[in-house]
Amino acid sequence: MPVSELLIGGLLLGGLYALMACGLNLIFGVMRVINFAHGELLAIGALSTVSLVGGYAFPFWAAVLLVPLLTAAIGLLMYKLVLQRLVHAPMIMTLLATYAISTILVNAAILTWGGGYKGLPGVLTGSVQLLGVNVSVSRLVAFLVALGTSLAVWWVLEKTRFGRAVRSVSQAPELAEISGISLDFVRNATFALGAAMAGLAGVLMAPTFASDPQLGARFLIKAFAVIIVGGMGSYPGAIAAALLLGVVEVVGGYFTGAVIGSALLFLLMLAVLLVRPRGLLGVGART
Amino acid sequence: MKTLAILLAAGFLALTVPFWGTDYAVSFTIQMLVFMILAYSWNLIGGYTGYTHFGQVCFFGVGGYTGALLVTKLGIAWYFAVPLAALMGVLLAVPLGMAMLRLKGPYFAIGMFGLARVLESFVLGFDSLTQGGTGLYLTPLSNLKPVYFTLVVLALVMMIATWRLDNSRLGLKLLAIREDEQAAEALGVRTTRLKVGTFVVSAIAPAAVGALYAAYLGFIDPPTAFSPVMELTTIAIVLLGGMGTVFGPLVGAVVLSVINELLWARFPEGYLAIVGTLILLAVLFMPRGIVNLAMKKGWLPAGRGLLRQLAREDGRAPPKPAPPLADDVKRVQA
Amino acid sequence: MSGSDDILVAEKISKRFDGRVALDGASLTVKRGSITGVIGPNGSGKSTLFNIIAGTLAPNSGRVYIQGQDVTGSSAAEICRRGVGRTFQISRLFAEMTVMENLVAVAHGIDDRAAVKRALELMEFLEITFIADKWGSELSYGQRKLVEIARALMLQPVIMLLDEPFAGINPRLQNRIVEHLRALCAKGLTVFFIDHEMRIVLSECDVVYVLAEGSVIASGPPERVRDDPRVLDAYF
């Protein structure tokens, strides 16, 4: 039955969106920075996986561990070199800065891997039966790891001391500082974590989708749509919205064609921005 | 007055290029003029009013396709198609502006970005009309001079309009919106009306230029019409040049076009990275742009001179021109 | 209901935030040409009351009248159009514009030349002409306060709403400001403000309202309020 197939397909895609969006949201929450370069971290994650696993015959699980470290390092570099200096700057300057960094990263990716598509065949092949639907192993694994990681990070945010520090910096930086939390450490750590999550999403995508340096832009806009629908700054909102939008994209795409299908996400985002800017669960967006 | 003289001189110089320049020079100047006009338009809503956004290509693309469709499907000559494309831009900008300008800073910016992607998808999708990804082909122009002159005139119009704005109370009101919209609103500035009006005006030239560009290239397709790189370059120009100034887009367009040419010649693979780095350097070390630096050093006449002029005539205030602000991204909290 | 001399009337204003009562039936009347001040300890609700009158907040119940017109729930912009000029507690000057530009930007209904003339007159009146060309972000704290007042006066308002105009400035400047305001009141301007600085309120106002825990506990000329036991109680 196509409907359940579509639904499951949508949810599986949503899991990846959740991982992307949660990382983006973390960074936004702590730094009020919309990280335009997040998509590039995803692309670099995917392409690095292709190189490691496809080119150097690393096992896939090694990529799962190593590649996020790489993207975390890139993220830290971004923060230390550029964004740290812009902490008190007007938002538009940080937006422009991350926008600029994203173009630099795209260029770097094109130079490293060429501009074409790269697949990763032979990894996580095969399919399983899930609720009467044929599901590819790679998508299922991607979904489980992505959603699992998102939920794990959520647990860290809610239940650990570090998570509490992150949340207090998000909500009231001055108060957090007074109570002894090192703003700098939290920002560094959050940025690295968010970047790692983007990289991980890239790793998980590599076996299923074809990777190219422009992958970042496409995914980024969808991640934006997710956090706007879910509510900027709301972590559970991002997860819920990700799953919802994954379904919308797949189901919508089935009925209206792939091109309009991806436009549906943006239309939903625009509708939310105009009608309920807070999103499902987030903070305000209106003037 | 000095400012106007400089602008007219630049315009005059541009007008003469087809007569002494090579075809290559003409092409180069056309590209530069296109970016200059886009930059001046973006400067209105982004630089003066403070509503920066990543969606100007919406109007460029819609204008481009409107023009191309009018020419190919209805056989209208390009010089009639261009104003109609501009009209289309306005028709799109009015409802869009009223809807989107209700959003705060980054949401507005991203919303416009998303809108550009939506429009790109639609154009790609309705391929029965637009030929989708293949693009539309127009008959190549035998003579580029009319297009060239139209662009120069358009650029001059934008420059002079910006100059008039810079020296008017309207300009001050837009700046007030940029600085503190709520306070401006509470003090009687009609912010909604002004924002939407400026947004609509900022859409006219891009739409017209889109159609002109399509005629010039003889071709248009979704990536060309809604190119994020074009968006990035436009913003880079205004930022590098100086947001909310009269000379900013002019200087930025010239500088970036020259860098562009040099890069394409020597390092085509590094173009994106270099533009990106330039923007980063501008954001970090020169957020007010080249022009503000130049004004501080006295190389360019200071901006917004109307009030000083009137004060001088009133006889009460000393006629000392104010040096522009230091290059410092940090804003002092009032 | 209200005489033509009552420029501003607030009737039984109540406001709660998430279950916490900020204002509970607060009422006041401001007469034309007077300087009326509202004081009260922290948490008394004076900022809330001020913002409701200025149009930044809407009350849960009660009415606000300006020059006899009901403006309850009107936006800040609409209130401004009714002849109200206001300053902000934390000054909200236009940072990257000069003082002159700050003033001229809000002028309306007159041409450029007249606007510049008015701005120059106001600067002269407040003795701040020497900073006309300084950027909003370059001013000292006291200068900011003065420019805020000048900017609101550019609107030629019927009533000025000042949000803690005397906070954090030295007594000499405070007195200067009062002198300027008095001169304007003599010409028909009405001044309404909230502040913490009891000294200035109790010595310079024509009428004082004392707010505590959301309602008016005392009102009248300063001499009467000064000795009211309820006021002493509220503060100590």
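Within 10 Å of the Cβ of each residue in B:275-285, the mean number of Cβ atoms contributed by other protein chains is 6.
Normalised by the number of residues in chain C, the mean separation of alpha-carbon contacts (under 8 Å, six or more apart) gives a relative contact order of 28 percent. Comparing Cα centroids, segment C:155-188 and segment A:128-147 end up 71 angstrom apart.
Take each of the peptides B:202-215, B:7-20, B:61-74, B:182-195, average the number of other beta-carbon atoms within 10 Å over its residues, and list them starting from the highest.
Descending packing order for the listed peptides: B:202-215, B:61-74, B:182-195, B:7-20.
Across chain B, Cα-Cα pairs more than 37 Å apart make up 16 percent of the total. Computed log10 I(q)/I(0) for chain A at 0.07, 0.09 Å⁻¹: -0.24, -0.40, from the Debye equation with unit scatterers placed on every C-alpha and solvent omitted. Note on the protein assembly as shown: helix-only mean residue ellipticity at 222 nm, from DSSP H runs of 4+ residues weighted -39500 (n - 2.57) and normalised by residue number, equals -20500 deg cm²/dmol. Each Cα pair under 8 Å and six or more residues apart adds its sequence gap; the mean of these over the residue count of segment A:159-257 is a relative contact order of 11 percent.
Around the amide H of C:R86, modelled in the peptide plane, lie the amide H atoms of C:L161, all under 5 Å away and 5 or more residues distant in sequence or on another chain.
For segment A:3-122, the equivalent ellipsoid derived from the Cα gyration tensor has semi-axes of 27, 20, 13 Å, listed largest first.
For the peptides B:99-111, C:97-109, C:118-130, residues were scored by their other Cβ atoms within 10 Å and the scores averaged per peptide; the highest-first order is C:97-109, B:99-111, C:118-130. On a 0 to 90 degree scale, rounded to 10, what angle separates helix C:141-153 from the longest Cα axis of chain C? Computed tilt is about 90 degrees. Scalar couplings 3J(HN,Hα) for segment A:136-149, obtained by applying the Karplus form with A = 6.51, B = -1.76, C = 1.60 to θ = phi - 60°, are 6, 4, 4, 5, 5, 4, 4, 4, 4, 5, 4, 5, x, 4 Hz; x denotes Gly and Pro. Packing here is the average count of other Cβ atoms within 10 Å per residue, and on that basis the peptides B:32-44, B:75-87, highest first, run B:32-44, B:75-87. Using only the alpha-carbon atoms of segment B:124-267 as identical scatterers, what base-10 log of I(q)/I(0) does the Debye formula give at q = 0.09, 0.12, 0.19 Å⁻¹? Result of the Debye calculation: -0.40, -0.68, -1.28.
Counting only Cβ charges, +1 for Lys and Arg and -1 for Asp and Glu, the dipole size of the protein assembly as shown around its Cα centre is about 420 debye.
Let's test the formula: R0 of 35 Å, r as the Cβ-Cβ distance of C:F130 and C:S75. What FRET efficiency results, to the nearest 0.05? My answer for the efficiency is 0.45. Under the criterion of Cα pairs below 8 Å and six or more residues apart, the relative contact order for segment B:20-227 equals 45 percent. Counting every alpha-carbon pair across the protein assembly as shown, the share separated by more than 47 Å comes to 31%. Averaged over peptide C:90-96, the number of partner chain Cβ atoms lying within 10 Å of each residue's Cβ comes to 6. Counting Cβ atoms of other protein chains within 10 Å of each residue's Cβ and taking the mean over peptide C:145-157 gives 1. In the elastic network of chain A, a GNM with C-alpha springs shorter than 10 Å, the most mobile of A:V275, A:V141, A:V53 is A:V275.
Each value in this text was obtained by applying a stated rule to the coordinates, not by laboratory testing. Keep in mind the model is a prediction, meaning the values are calculated, not measured. Cβ sites come from the backbone with ideal geometry, for glycine too, and all protein chains shown count toward neighbours.
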